[in-house]
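The values are calculated or read from the model by the stated rules, or taken from the named source; none is laboratory data. Predicted, not measured: the structure shown is a model, and the values here were computed from it. Positions of Cβ are generated from backbone atoms using ideal geometry, with glycine treated the same way; all protein chains shown enter the neighbour counts.
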Amino acid sequence: MIDLINISLQFGGKYLFRDVNYKINDNSRISLVGANGTGKTSLFKIITGELAPEAGYIQMRKKTSIGYLPQDHVTHSGSKLFEEVFSALRDIVSLKEAEEEITEALTSASLTEDERSELVAKLGETHHLLEAMDSYRAGSRVEKILIGLGFRESDFYRSVDEFSGGWQMRIALAKLLIANHDLLLLDEPTNHLDIDSLNWLIEFLTSYQGALIIISHDKFFVNKVTNKTLEIFLNKISSFNGNYDAYIKYKEERDLQAEHQFELQQKKLKDTQKFIERFRYKASKARQVQSRIKQIEKVELVELPQNSQSINFRFPEAPPGGKTVIELKNICKSFGSFELFRNVNITVDRGDKIAFLGPNGAGKSTLAKIIAGVINHDSGSRIPGHNIQLSYYSQEATDILEPTNEVIDAVADVDEEVTLASLRALLGTFLFSGDDVFKKISVLSGGEKSRVALVRILLTKANFIILDEPTNHLDITSKKVLQQALINFTGSLIVVSHDVDFLEPIANKIIDIRHGELRYYPGGISYYLDKRKEEQQEESRQTVNNLARDEKDDRKSKKRLEAELRQKRYSLTKDLKKTITKLESDIEKSEAEKKELELQMADPESTLKANFKDLGIRYNQIESVLTQKISEWEKLCTELEEIEKEFS
C-alpha cells in the first residue's frame, strides 16, 4: 500500500534515521517504538506529507487515504459535535450537497428539456452512490462511535467549542474512526481515555479493516491491537514480528549481546593500541605497527544501545501514621442542581494502594480532591488518621511552580538531603537531560510542567499519596521509575488512572466509580477487569439466569420458564415489530412515489413547465419523509436486535 524508499532525515546535522526502506501493507498492525527524540512523530509526518525527508521518497497506491491523530494541540470550533464528526464523511457530505443543488436546480422553470433530463440522470446517479456508501446508516455509525468514546447523547448538539482539551482529542479520534481511512497513524491515542473508552477503542481497532501504526506508552493497549513492532534504533528502522511484550524480550537479549560485543571489541582495541604504543618507535616493528593502525581505522565500532540511565528511586522515609489513614462518612457533593455523590463512605487503611476507575465525568478526580482536602464536601465527615502526612498530585499541581525558577531549583528545595547528582539523574529519567534542567519554568510546556510537579511529589516525605492521572505525560522509562517507586512505597496510595499496565503491580484494591455509586473490588487491576467482564455478561443475562437457576432441575418449570420468556419476548417486541412492519410499508410506498416523480421529471411530454416546480417540491418532501422514516426504522431495528440478543 505504502513504500518508504531510502528515507533519511536529520535535524541540526544529526541524523534521526538514514536509508530507511519499509513497506506498509493492508491491514498492518504496527507499534512504532524508540527512545524520545529518535523521530517517531517525524516519521508520521513524512508519511502524511507534512514533512519532507532529506533524501528518499514515499511511493503510495493511488487514492490511499491516511488519517493522522497528533498527540496534542487539536481544537475544533464553529459547529455542533455531531455535525463536526459527521463532516469527516467527506464523500457522503459532498454527495448530499450535490443532491441538494440538483434538486434545487430542478425547480427552475427556465430549464430546457435536455437540461432537465441531464439533471435527473445526475440525481439518480447521486442516489445510487449514496446507497452504495450506506449513507442512510452513517448517522447511527457516528452515534455509536461517539458513545463508545464516552460522549453522552446530550452532548451531540453541544458546540465543540465547549469541550476541554482531552475531549477535543476524542472528537479528533472520532472523526478518524468514522472516516474509515486506509491507514491510521495514532500518536498516543489513549492519553485522554477512561477505562471504558479504552476497552471500546481496543475492540473497535481489533476489527478495523484498514492498517494501523501506533505510537503509545500504554503497553496494555498496544499489546492488544498490534502484532508487529517497528523500532527506530541507532538511526535505522527495524521490524520485529510480535507485539510489544515479545519485542521487549527480544530487545533485552539484543542489548545484552551488543554490550558483550562492545566489551570484546573495546578489549581488542585496547590491546592493539598497547601494541602500537609499545613498538611505535622500533624500526623492526614498524610494519606491524602500521598494519595495526590500519586495522583500527577500518574497524566499524559497535554502538551501545540508547538506554536511559537506570535509576532505582525510593520515596523519602516519612514517620509512620495510624492504622486508619482517612475515613469519609456519608459524604455528599453537588455542583449546582447536579448531585454527584450521596452518602459516600470510604476507609483507607495503612498499606492500601487503591486505584479509582470508571468513566470520565463520574467523579473520580472530585472524590480524590475531597480526600486530599483540596475541595470541600457539602455534608458528611472527612476524618484524617493519626500523624498523616499527605502529598497530592494533579494536573493543577503545576500552578504552585514559580515561573522564574529553573527546573533544578524547582525540585531542589523539596528535600535538601538529596544530592545534586541524584536530582539530575531523577530529572533525566523524567526527560530533563543536560541543560534542560536550567530552563525556566515559564518556558516549559504543560506536559513538562506536569513532570516537574511529579518529581516534586517523588521527593516529598509523605505516608499518604494521592495521584490524579500521573502517567499522562510520561514515557515508558519515566513510568517505570514511578511505578517501581510506588511498588516500594510503604505508605498508603490512591491513584486515579486508566493505565492498566502501570496499575497492574501497584494496586491491591479497586474502587469503580459510576453514576454516583462506588463499588469495591478487593484485588488488583486484572481481578477488576475479569470481574467487570463477568458482571457485564451477568447483567445481560440476568432475567434468564435468575429464573433458570431456581427451576433448572424441574422440566415442567423449565417449560413454564420458556413460555414466560417467549411471552416476555413477545410483549417486548410485539409493538416494535408492528411499527417496523408499518415503517417498511411506508418506506416502500415512498420509494415507489419517488421513482414515479423521477420518471415524471425526466419525461417532458408528461410534465408541463408550469407544474414542474410543484413536482420538485413534492420530490423534496418525499425525500425528507423517506430519510426520516429510514432513520426511525434503523433505530427501531437496533432496539429490536438488542432485545433479541437478551433472549438468544
- Of Ser238, Ser197, Ser207, which residue is free of Cβ contacts under 8 Å to residues at least 40 places away in the same chain, among the small types (Gly, Ala, Ser) and closer than 30 Å to Asp134 by Cα? Ser207
- Task: Please indicate, with yes or no, whether at least one residue in the stretch 75-98 is under 30 Å from Gly242 (Cβ atoms) and touching a residue at least 60 places away in the same chain (Cβ under 8 Å).
- Result: no
- Taking the stretch 482-506 and keeping residues in a helix (DSSP H, G or I) and of a type in the set (A, V, I, L, M) leaves Leu482, Ala485, Leu486, Ile487, Val500, Leu503
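Please verify whether Lys80 is within 25 Å of Leu146 (Cβ to Cβ) and surrounded by 13 or more Cβ atoms within 10 Å (Cβ to Cβ), treating the condition exactly as stated.
yes
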- Per the filter on the stretch 425-446, residues assigned to a helix (DSSP H, G or I), free of Cβ contacts under 8 Å to residues at least 60 places away in the same chain and either under 29 Å from the mean Cα position of the chain (by Cα) or surrounded by fewer than 19 Cβ atoms within 10 Å (Cβ to Cβ) (or both) are Leu427, Gly434, Asp435, Asp436, Phe438, Ile441, Ser442, Val443, Gly446
- Residue among Phe220, Phe240, Phe262, Phe151 that is in a helix (DSSP H, G or I), in contact with a helix residue (DSSP H, G or I) (Cβ under 8 Å, 6 or more places away or on another chain) and aromatic (Phe, Trp, Tyr): Phe220
- Item | For Leu482: the one exception among (1) more than 19 Å from Trp200 (Cβ to Cβ); (2) surrounded by fewer than 22 Cβ atoms within 10 Å (Cβ to Cβ) | (2)
- Message: Looking at (1) within 20 Å of Arg137 (Cα to Cα); (2) surrounded by 14 or more Cβ atoms within 10 Å (Cβ to Cβ); (3) modelled with pLDDT under 85, which one does Glu642 not meet, given that it meets all the others?
- Response: (2)
- Task: Pick out the one residue from Ile346, Ile331, Ile388, Ile354 that is under 26 Å from Ile487 (Cα atoms) and touching a Gly at 6+ places or on another chain (Cβ under 6 Å).
- Result: Ile388
- Item | Out of Lys552, Lys556, Lys531, Lys589, sole residue that is farther than 30 Å from Gln483 by Cβ and at pLDDT 70 or above | Lys589
- Go through the residues of the stretch 366-378 one by one and say whether even a single one is out of contact with any His (no Cβ under 7 Å at 6 or more places or on another chain), within 30 Å of Gly37 (Cβ to Cβ) and of a type outside the set (Val, Ile, Thr). no
- Qualifying residues in the stretch 10-37 (those that are among the hydroxyl-bearing types (Ser, Thr, Tyr) and under 22 Å from the mean Cα position of the chain (by Cα)) - the one surrounded by the fewest Cβ atoms within 10 Å (Cβ to Cβ): Ser28
- Item | Near pairs, Cβ below 9 angstrom, 6+ apart or cross-chain, from the stretch 392-404 (among the β-branched types (Val, Ile, Thr)) to any residue that is at pLDDT 80 or above and in a loop (DSSP other than H, G, I, E, B) | Thr398/Leu444
- Item | Subset of the stretch 200-213 [of a type in the set (A, V, I, L, M, F, W, C) and either under 12 Å from Leu176 (Cβ atoms) or surrounded by fewer than 21 Cβ atoms within 10 Å (Cβ to Cβ) (or both)] | Trp200, Leu201, Ile202, Phe204, Leu205, Leu212
- Message: If the requirement is being part of a strand (DSSP E or B) and over 30 Å from Lys224 (Cβ atoms), which of these qualifies: Ser108, Ser77, Ser31, Ser8?
- Response: Ser8
- Unique match (being surrounded by 21 or more Cβ atoms within 10 Å (Cβ to Cβ), in contact with a Leu (Cβ under 8 Å, 6 or more places away or on another chain), within 21 Å of Leu193 (Cα to Cα) and charged (D, E, K, R)) among Asp512, Asp475: Asp512
- (1) among the polar types (S, T, N, Q); (2) closer than 21 Å to Val348 by Cβ; (3) touching a residue at least 40 places away in the same chain (Cβ under 8 Å); (4) assigned to a helix (DSSP H, G or I) all hold for Thr460 apart from (4)
- Query: Considering only residues of the stretch 321-336 that are surrounded by 13 or more Cβ atoms within 10 Å (Cβ to Cβ) and either among the hydroxyl-bearing types (Ser, Thr, Tyr) or out of contact with any strand residue (DSSP E or B) (no Cβ under 8 Å at 6 or more places or on another chain) (or both), which is farthest from His377 (Cα to Cα)?
  - Reply: Gly322
- Query: Do you know which residues across the stretch 340-374 are in a loop (DSSP other than H, G, I, E, B), free of Cβ contacts under 8 Å to residues at least 40 places away in the same chain and at negative phi?
  - Reply: Val374
